[in-house]
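Here is the structure we will look at.
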Amino acid sequence: MATVHERFPVPPEALWQALPNGVTAVNGQNPYYDSAGGYVTFSTKLGFFSYGQTVTVKVERTPEGAGLAIQTSLKFGFVDWGEGKRIARKFIAGVGAAVGHTPAA
């Protein structure tokens, strides 16, 4: 399980509109968008090097604009060997490209 936070200098509404770009960047499956709760949840596929992950991304208001709180958890297994953080970073890059902001690595 991994939790990653990232802040963006854009309004929460702009970040919300960019979430589909993040889902696409990580090849997310079956996304569920809850606008009232301000989050999206989806899963990644089982693959040769992955057991697949369940991902929940919440948009949060911050003093600078908005932020993402990304939580990943394995569908199967006990150790993700950093896969959750890699997925979170790809998601952040996809959202950042959509809003015109490149987050620091």
Check: What number of residues in region 71-82 are touching a Leu at 6+ places or on another chain (Cβ under 9 Å) and in contact (Cβ under 8 Å) with a residue 60 or more places away in the chain?
Finding: 1
Check: How about region 67-88: which of its residues are out of contact with any Ser or Thr (no Cβ under 9 Å at 6 or more places or on another chain) and on the phi < 0 side of the Ramachandran plot?
Finding: G67, L68, F76, F78, V79, R86
Checklist line | Which numbered condition A36 misses (of (1) surrounded by fewer than 16 Cβ atoms within 10 Å (Cβ to Cβ); (2) in contact with a Pro (Cβ under 6 Å, 6 or more places away or on another chain); (3) of a type in the set (A, V, I, L, M)) | finding: (2)
Check: Can you tell me which of G67, G38 is in contact (Cβ under 8 Å) with a residue 60 or more places away in the chain, under 15 Å from L15 (Cβ atoms) and either touching a strand residue (DSSP E or B) at 6+ places or on another chain (Cβ under 6 Å) or charged (D, E, K, R) (or both)?
Finding: G67
Note to self: For the condition more than 14 Å from E6 (Cα to Cα) and not hydrophobic (A, V, I, L, M, F, W, C), what is the one hit in T62, T102, T24?
What the structure shows: T24
Notebook entry, point to check: Among the residues of region 60-72, how many are loosely packed, with under 15 Cβ neighbours inside 10 Å and within 13 Å of the chain's Cα centre (by Cα)?
Noted result: 1
Next item on the list: Look through region 73-90, keep the residues that are assigned to a loop (DSSP other than H, G, I, E, B) and under 14 Å from L46 (Cβ atoms), and return whichever of them is most open to solvent (accessible area, probe 1.4 Å).
Entry: F76
Check: Does T24 fit the bill of being modelled with pLDDT of 95 or more, loosely packed, with under 15 Cβ neighbours inside 10 Å, of a type outside the set (D, E, K, R) and out of contact with any His (no Cβ under 6 Å at 6 or more places or on another chain)?
Finding: yes
Notebook entry, point to check: Only one residue in Q29, Q17 is open to solvent by 20 Å² or more (accessible area, probe 1.4 Å) and under 15 Å from G100 (Cα atoms). Which one?
Noted result: Q17
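Test A93 against the stated conditions and say whether it is outside any loop (DSSP other than H, G, I, E, B), crowded, with 16+ Cβ neighbours inside 10 Å and in contact with a helix residue (DSSP H, G or I) (Cβ under 6 Å, 6 or more places away or on another chain). I'd like the intermediate steps shown before the answer.
Values: outside any loop (DSSP other than H, G, I, E, B): yes; crowded, with 16+ Cβ neighbours inside 10 Å: yes; in contact with a helix residue (DSSP H, G or I) (Cβ under 6 Å, 6 or more places away or on another chain): no.
Against the criterion (outside any loop (DSSP other than H, G, I, E, B), crowded, with 16+ Cβ neighbours inside 10 Å and in contact with a helix residue (DSSP H, G or I) (Cβ under 6 Å, 6 or more places away or on another chain)), A93 does not qualify.
The values are calculated or read from the model by the stated rules, or taken from the named source; none is laboratory data. Since the model is a prediction, treat every value here as computed from it, not as a measurement. Neighbour counts are summed over all protein chains in view; Cβ atoms, including those assigned to glycine, are modelled from backbone coordinates with ideal geometry. Surface areas here come from the heavy atoms of the whole protein model, side chains and all, with no ligands, DNA or RNA. Shrake-Rupley method; radii C 1.70, N 1.55, O 1.52, S 1.80 Å.
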